[in-house]
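What follows draws every value from the coordinates through simple rules; no lab data is involved. All values derive from a computational prediction rather than experimental measurement. Positions of Cβ are backbone-derived with ideal geometry, glycine not excepted, and every protein chain shown enters the neighbour counts.
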Amino acid sequence: MYQALLKNLIYPCIEIRYPQEERSIAHLKFLEKTQWWRLKDLLKFQEKKLHAILEHAYRNVPYYHKMFNQLKIKPQDIKTVSDLQKLPILKKEIVRNYKDDLIAKNYSKGELIFSATGGSTGEPMSFFVDRKWSAWNIAAAYREWNWAGYCMGQKIVYLWGAHQDLSKQQELKIKLSNLINRRIMLDAYKMNRKMLDNSVKVLKKFKPKFINAYPSAIYLMSQYIEKKGLGDIRPRAIFTSCETLLDNQRRTIENIFDCDVFDYVLVSNHYGETGEPGWIREDVDKNGLINILDIYYFLVQEL
């Protein structure tokens, strides 16, 4: 009942002040339709969006305008996703060294939102997003988690480690967002005995239906729970991201919590107003990769 109320009434009322392209629930309902499209329709839609973003990049982004000219190609030369091989990989050092040239000229500074990776593979990488991205990001996260049984508004605990996200937890709008979404944030970077004790107490009292965590953090917690002989923490599923989930970690986590683990690739740890993670994402379950064709992206190569 609460989940339906949140999705169909509370969030639409909250987002009514936003332009249509910045409303995450409208995007979510669109994505819930596209997931049933035929493959040829998805590919057609993907290519349409791809052409639009390439044209935008060429006309408005100094880095890409210069790159296209140096390669002597035009956006219209990229007709399919496979043609992206004609373009060089956007590496982390390029983003760091040409940050200003990667900002579109048709965006004002007031439209930009600072974001960054969590730095789990080394030095964090910073960049900018906008509210449109945030809305699509939230919608994509909810749809993907729904595939694992999650409905927005169900109790969820984040065992999270991105400082830029955890540092915002005392802001009033984030507190309200956590309350509305029935979400609790726990610090994955302070996994000492005291923190583990407190985290376990939170899990036992709050009884979350889902946990979203760094693989190493939830693995450490599962070992701690096993050592303590605790067996009454039973979420329906656990989501992991930001680090490589090893096979032995998955087996241990699933055994201790008695639920499935769903791992997804996460490039950005920026949080929107509703606190959902993501930017470039692909969901992986135990049977392999779930390809998402209705959300186009450029992959930033990990070094």
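In order along the stretch 190-201, the Karplus-derived 3J(HN,Hα) couplings, from 6.51 cos²θ - 1.76 cosθ + 1.60 at θ = phi - 60°, round to 10, 8, 8, 4, 4, 5, 5, 4, 5, 5, 5, 4 Hz, and Gly and Pro are given as x. Here the Karplus curve 6.51 cos²θ - 1.76 cosθ + 1.60, taken at θ = phi - 60°, turns the phi angles of the stretch 241-257 into couplings of 6, 6, 9, 6, 8, 7, 4, 5, 5, 4, 4, 5, 4, 5, 5, 6, 8 Hz, with x standing for Gly and Pro. For the peptides 235-247, 129-141, the ranking by mean Cβ contacts within 10 Å, running from highest to lowest, is 129-141, 235-247. For PHE239, the amide hydrogen comes within under 5 Å of the amide hydrogens of ILE211, ASN212, ALA213, PHE262, counting only partners 5 or more places away or on other chains and with H modelled in the peptide plane.
Phi-derived couplings, Karplus 6.51 cos²θ - 1.76 cosθ + 1.60 at θ = phi - 60°, listed residue by residue for the stretch 25-39: 5, 4, 5, 4, 5, 5, 5, 5, 7, 5, 5, 9, 5, 5, 4 Hz, with x used for Gly and Pro.
From the Kirkwood radius over Cα pairs of the stretch 184-253, Stokes-Einstein at 20 °C and 1.002 mPa s returns a whole-number translational diffusion coefficient of 174 µm²/s.
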